[in-house]
Amino acid sequence: MDAVELLTTRSSMPRLIEPGPNVEQLELIKKAAVRAPDHMSLAPYEFIQFQGKDRGILADIYQQAARINDFSDTIVEQAGQLPFRAPLVIAACLRYQEHPKVPREEQLCTVACAAHGMQQAAFVQGLGAIWRTGWTAEDDYVKEQLGLAEDDAIVGFLYVGTPAVPTPIKPEKDAEPYFVSAKDKVLS
């Protein structure tokens, strides 16, 4: 896959099976993450890997969070199954660092770019990946159990594995409506 194809055909792959990335593939995924744009080189990220039996740790955290939120028994049970949707789950976390030139939002963007880079690195190696958020990424108990502080955040959980079926490529989107001329937009 060349770079143009990678950038213009990106599609998430929600159905993932074993095997997960091997050592070399995972190394490339990690290298891609830390090449994200990073103003002042703060490295405001941490990536927590749940692979193999470690996915059970995340399943327990999700289930306890669901219980704390008084979710139904069905949702509690489903929460425990979520980490097993892929051989590898990577929690992409913002580790916010106060800095006069780099606001929190910019640091959050760095982590988002890192997650996107990891996903692209998975795709280029023939793996599948999907970036998931939802209540598990917003939950205070989940954040606490992952050792995050109040100003930190879970940007998402990247699920990585072998595609169970060919990756469905979304139809091409016309970019034109989203790009406007400054003279048509700027008020002054």
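Structure values in brief
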item: Mean separation of Cα contacts under 8 Å, 6 or more apart, over the residue count of region 1-86: relative contact order %; result: 34
item: Modelled FRET efficiency - R0 30 Å, SER11 with GLN51, Cβ distances, 0.05 increments; result: 0.80
item: The chain: calculated mean residue ellipticity at 222 nm from DSSP helix runs of at least 4, using -39500 (n - 2.57); result: -11500 deg cm²/dmol
item: Candidate aspartates and glutamates for bridging to LYS185, where Cα separation is under 18 Å - those fewer than 8 sequence places away on the same chain excluded; result: GLU176
item: Distance in nm between pseudo-label sites at PHE179 and GLU18 (7 Å out along the Cβ direction from Cα); result: 4.6
item: Extreme residue, positive dipole direction of the chain, given options SER72, ASN22, ILE57 (C-beta unit charges); result: ASN22
item: Under the Karplus curve 6.51 cos²θ - 1.76 cosθ + 1.60, θ = phi - 60°, whole-Hz ³J(HN,Hα) for region 62-72, x wherever Gly or Pro sits; result: 4, 5, 5, 4, 5, 5, 4, 7, 6, 6, 5
item: Debye equation applied to the C-alpha atoms of region 1-114, log10 I(q)/I(0) at 0.09, 0.13, 0.22, 0.24 Å⁻¹; result: -0.34, -0.70, -1.20, -1.24
item: Cα centre as origin, Lys/Arg/Asp/Glu Cβ charges: region 1-43 dipole, Debye; result: 140
item: Sequence ranges 95-106, 176-187, ranked by mean other-Cβ count within 10 angstrom, highest first; result: 95-106, 176-187
item: Residue pairs, from the table LYS30/LYS53; LYS31/LYS173; LYS31/LYS101; LYS53/LYS101, whose Cα atoms sit over 31 Å apart; result: LYS53/LYS101
item: Accessible surface of the chain [probe 1.4 Å, protein heavy atoms]: carbon and sulfur percent; result: 54
item: Region 78-166: relative contact order as a whole-number percent, Cα under 8 Å and 6+ apart; result: 44
item: Pair ILE169, GLU144: separation of 7 Å Cα→Cβ label points (nm); result: 4.7
item: Within the chain: Cβ-based charge dipole about Cα centre, in debye rounded to nearest 20 (Lys, Arg +1; Asp, Glu -1); result: 440
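The values are calculated or read from the model by the stated rules, or taken from the named source; none is laboratory data. The structure displayed is predicted, hence computed values, not measured ones. Positions of Cβ are backbone-derived with ideal geometry, glycine not excepted, and every protein chain shown enters the neighbour counts. Heads up: the accessible areas ignore ligands, DNA and RNA and are worked out on the full protein's heavy atoms, side chains in. Shrake-Rupley method; radii C 1.70, N 1.55, O 1.52, S 1.80 Å.
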